[in-house]
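Dropping a structure here in structure tokens format, bear with me for questions.
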Amino acid sequence: MGHLDHTTFGWLTPVLSYAMAAIGAALGLRCTVRALGASGPLRRNWLLTAASALGTGIWTMHFVAMLGFGVAGTDIRYDVPLTLLSLLIAMLVVGAGVFTVGYGRDRSRALLVGGLTTGLGVAGMHYLGMAALRLHGTVDYDPLLVTVSVVIAVVAATAALWAALNIKSPGAVALASLVMGAAVSSMHYTGMLAVGIRVAPSGSELPGASVMQFIFPLAVGLGSYLFLTSAFVALSPAASEDASSRAHDAATERAAGAAAT
């Protein structure tokens, strides 16, 4: 068995990956709250933004954490198409869960279906991302810990969707986001504890891209997207504020018209 190190850069990658998960959760929750207060194309657009933020945050959390992953006795490379596919899956399954909640008439049923779909998708993203690893050796998993990680993913996803339906105030959303960031991180590291690697030293060159060639720049790019989206959401008026503004403008116009006559 090769020695696995999950913190080759110390606490930097666990803390940074947690921050990415919490930011993605905060954005996803705020956008879903905005969506539930809107209708028509505006609701759809807010739900799309929520799905992209949550999916990006979860995926970025996983691969920022993987920046600190190392195995004694072998280099590590990543299969680029599989890694990108894991990102696509994260977006799609989170989107399916968010839209189920956003448009579901039976909230309880939508929550259960959305939570199960999203949780299994998040777990699938994690293990597909692990399947993208290329190293000198073989990878196996502890079935019990894999099962525990999947259960954590489903519970975390269901809790996130419940929060989107029931939590409205910014302070409560911030607190829920911190809890969700911890849940997503727990799922990741539980899944990583399930990993066992038998190293087979070899002088042959590994296929794929190194972490600094591919994962690092992609994670930086997606992290930048999260911060830019945070600014957009913070500067966008809530539905109630927008309605109030329109009502005020209409009242002003009526007053101006009455004065003119």
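Computed from the coordinates by the stated procedures, all read-outs in this text should not be read as laboratory data. Because the structure is a prediction, the values reported are computed rather than measured. Heads up, the Cβs are rebuilt from the backbone with ideal geometry, glycines too, and the neighbour counts pull from every protein chain shown.
For residue 169 and residue 45, FRET efficiency with R0 = 22 Å and r from the beta-carbon atoms, rounded to 0.05?
The value I calculate is 0.45.
Among 69-75, 14-20, 37-43, how do they line up from the highest to the lowest mean number of other beta-carbon atoms within 10 Å?
Per-residue mean Cβ counts within 10 Å order the peptides as 14-20, 69-75, 37-43.
Another question, if that's okay. For the stretch 1-44, how big is the tail of P(r) above 17 Å, as a whole percent of Cα pairs?
Across the stretch 1-44, Cα pairs with separations above 17 Å total 56 percent.
Also, I was wondering about something else. Based on the mean of other Cβ atoms within 10 Å per residue, sort peptides 170-178, 3-11 so the most packed one is first.
170-178, 3-11
If you fit an axis through the alpha-carbon atoms of helix 239-260 and take the longest principal axis of the Cα set of the chain, what angle between them do you get, 0 to 90°, nearest 10?
Tilt relative to the chain: about 20 degrees.
Please check which bits of the stretch 152-185 a label hung off residue 9 would reach, taking the label as a point 7 Å along Cα-to-C-beta and the cut-off as backbone N under 20 Å.
181-182, 184-185
Along each of its three principal axes, how wide is the spread of alpha-carbon positions in the stretch 1-111, in whole angstrom units, largest first?
Sorted largest first, the three principal extents are 55, 27, 24 Å.
For residue 200 and residue 147, what does the FRET efficiency come to when R0 = 25 Å and r is the distance between their Cβ atoms, rounded to the nearest 0.05?
Calculated transfer efficiency: 0.35.
Treating the stretch 66-199 as a set of equal point scatterers at the Cα positions, no solvent, please give the Debye-formula log₁₀ I(q)/I(0) at q = 0.15 Å⁻¹.
-0.77
Sticking to Cα atoms, compute the Rg of the chain to one decimal and its Dmax as the biggest Cα-Cα distance, whole number, in Å.
21.4, 90
Let me ask something else. Based on a Kirkwood Rh over C-alpha pairs, give the Stokes-Einstein translational diffusion coefficient of the stretch 67-129 at 4 °C and viscosity 1.567 mPa s in µm²/s.
D, rounded to a whole number, is 98 µm²/s.
Per residue of the chain, what 222 nm ellipticity follows from adding -39500 (n - 2.57) for every DSSP H run with n ≥ 4, rounded to the nearest 500?
Rounded to the nearest 500, it is -26000 deg cm²/dmol.
In units of 2.2 N^0.38 Å, what is the alpha-carbon radius of gyration of the stretch 159-234?
The value comes to 1.63.
Quote the Stokes-Einstein diffusion coefficient, in whole µm² s⁻¹, for the stretch 132-193, based on the Kirkwood radius over alpha carbon pairs, a temperature of 20 °C and a viscosity of 1.002 mPa s.
Reported coefficient: 162 µm²/s.
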